[in-house]
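Visitor: Below is a structure I'd like to ask you about.
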Amino acid sequence: MNRVIRNYAGLTITCIVGVSFVLLFEAASKSFSSLTLILALFTFASVVAAAMMIAWAAEASQYSISQGLALAIVAIVQTLPEFFVEGAIAWNAGKDPVGWLPNVTANFTGANRLLTGLGWPLILFTAMLSKSGNKRSGLHVIALRKEQSIEVVFMLGATLYYVLIWLRGSLEIVDTIVLLAAFLGYLWMLSRLPSEREDPQAVLDASPRAIVDLRTRKHRIVAILGLFSFSGLVFVFISTPFVDSINTIAVALFGAGAGFFFIQWIAPFLSEFPEKVTAFHWARKVKLAPMALLNFVSSAVNELTALVAIIPIVFALSIGAIGPVSLTAHKDEVLLTMAQSLYACVCLMDLKYDVRNALLLFGLWLVSTAFVETRFAISIIFLFASLVEVIIQRRRITVFSAFKESLQQYFSRHS
């Protein structure tokens, strides 16, 4: 218990110190100096600390409150760091369109491609190298349950909607309405599923488990809401200086184009880091590997829907009028994100994820990240690979029938 207390105390102190430094030296985030580097260090540390507490609270909430409410809260708070970062970018884009509008696509495309291109393969690779007792698991395929087809179907639907966004070359309020409606429908469907089956003692690490082990339900709810509220408040203060300092340092050290790259990869990597740690911890246990993969599938759905839906709203508030958010400067990024996400969905058409899928996802993600000029070509390869995968799986596609069965089983019963 002493170690758990030290964990929470250390993260809390890190957040408080980071916010204090921002309040004193926020101006340093917009013009490069030695102080900018120090500010970046404190904001980076605070982002990771706050995100870690959010992740622990989200994990514990699955066992501490009603399942429907838990799923709704977990779905939102798991991507809360990205929400604040994306909101800060969209706000800056409204105030300084020339400098920031091209960066609007950076965070949401990078966050999604990190999940499917790096996160999904590493889940399977981790499970393959894990041990069951004294023997290696030899797990080469991760299989999802029938009801988990809901996440896959919604991810596929959201991905296909991005064809319209790419063709139009902008995000508009109508996209906010459609994507938020899809997100709310997704949460509503998840809320009808049965409660969590796994034993928290087997799933959770010591820090989130300490919340579950609190004596009364009231104490657990207070602890969870307290962590959510405190971490959210930290992000209110940290997000804009965090994004500004990343952009300022990148431009000063590597040139004008570097800001986009850093916001696309560094910001989401840091904000998603605690979530990845949790998922990889689960992937080390053969029985929990499907939960680890599903955790990333759920996050991808949240980022494709709710995360992108906030951009037109924040942008409109920033400029004081409703207007389209242009994506034309980086349409290839949107196309690649859509194509990579489509292939990831197609991989799960039979509700199984295997080594061949993981290697192709990881390999193409790595090439497109290392060699920016290949991104349009990689998009075409992903689209072609999706078609080939459908042909290969044509006799094994079960996701839609499983989705229909899940609706009949869990919705007709509650109607």
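Visitor: For the residue pair A27 and R396, what label-to-label distance in nm results when each label sits 7 Å from Cα along the Cα-to-beta-carbon direction?
Guide: Result for the modelled spin labels: 6.2 nm.
Visitor: Between I5 and R284, what is the FRET efficiency for a Förster distance of 35 Å, r being their Cβ-Cβ separation, to the nearest 0.05?
Guide: Taking R0 as 35 Å, the efficiency between I5 and R284 is 0.85.
Visitor: Which one, L164, S401, F273, is farthest towards the positive end of the dipole of the chain when Lys and Arg carry +1 and Asp and Glu -1 on their Cβ?
Guide: With unit charges placed on the Cβ atoms, the residue in question is S401.
Visitor: Rounded, prolate or oblate: which fits segment 315-415, taking a ≥ b ≥ c as square roots of the Cα gyration tensor eigenvalues, rounded meaning a/c under 1.5, else prolate when a/b beats b/c?
Guide: Oblate.
Visitor: Continuing with this model, one more query. Give a residue-ordered list of calculated ³J(HN,Hα) values for segment 367-379 (Karplus: 6.51 cos²θ - 1.76 cosθ + 1.60, θ = phi - 60°; whole Hz; x for Gly, Pro).
Guide: 5, 5, 7, 6, 10, 4, 5, 8, 5, 5, 5, 5, 4
Visitor: Quick check: net charge around S170, other residues with Cβ under 14 Å of its Cβ, Lys/Arg +1 and Asp/Glu -1?
Guide: On the way: positive: R168, K331; negative: E172, D175, E333.
Overall, the nearby charge balance is -1.
Visitor: Treating only the Cβ atoms of Lys and Arg (+1) and Asp and Glu (-1) as charged, compute the dipole magnitude of the chain about its Cα centre; round to the nearest 20 debye.
Guide: On the way: 31 positive and 25 negative charges, 290 e Å.
Computed charge dipole of the chain: roughly 1400 debye.
Visitor: Once amide H atoms are built 1.01 Å from N in the peptide plane, which residues 5 or more positions from S170, or in another chain, come under 5 Å H to H?
Guide: Amide H neighbours of S170, under 5 Å, 5+ apart: L327.
Visitor: Report, to the nearest whole %, how much of the accessible area of segment 292-415 belongs to carbon and sulfur atoms, 1.4 Å probe, protein only.
Guide: Within segment 292-415, the accessible surface is 70 percent carbon and sulfur.
Visitor: HN-Hα J couplings of segment 351-365 from phi, Karplus 6.51/-1.76/1.60, θ = phi - 60°, integer Hz, Gly and Pro as x?
Guide: Once rounded to whole Hz, the list reads 6, 9, 10, 10, 5, 4, 4, 5, 5, 5, 4, 5, x, 5, 4.
Visitor: Could you identify which residue out of S31, S61, S46 has the top mean-square fluctuation in a GNM of the chain using Cα springs shorter than 10 Å?
Guide: S31
Visitor: Over the chain, what is the relative contact order in percent, taking alpha-carbon pairs closer than 8 angstrom and at least six residues apart? List each step's numbers first, then the result.
Guide: Working: 621 pairs, mean separation 129.9, N = 415.
Taking the mean separation of contacting Cα pairs over the length of the chain, I get 31 percent.
Visitor: In addition: Using only the Cα atoms of segment 200-339, each taken as one equal point scatterer with no solvent, compute I(q) by the Debye sum, divide by I(0), and report log10 of the ratio at q = 0.09, 0.13, 0.18 Å⁻¹.
Guide: At q = 0.09, 0.13, 0.18 Å⁻¹ the computed log10 ratios are -0.43, -0.86, -1.33.
Visitor: In a shell of Cβ-Cβ distance under 15 Å around K30, excluding K30 itself, what net charge do Lys and Arg (+1) and Asp and Glu (-1) give?
Guide: -2
Visitor: Right, something else. May I have the convex hull volume per residue, in Å³, for the Cα set of the chain?
Guide: Values: hull volume 62.3 nm³, N = 415.
So the per-residue hull volume is 150 Å³.
The values are calculated or read from the model by the stated rules, or taken from the named source; none is laboratory data. Source: prediction; values computed, not measured. For neighbour counting, all protein chains shown are included, and Cβ atoms are generated from backbone atoms with ideal geometry for every residue, glycine included. What goes into the accessible areas is simple: the full protein's heavy atoms, side chains included, and nothing from ligands, DNA or RNA. Shrake-Rupley method; radii C 1.70, N 1.55, O 1.52, S 1.80 Å.
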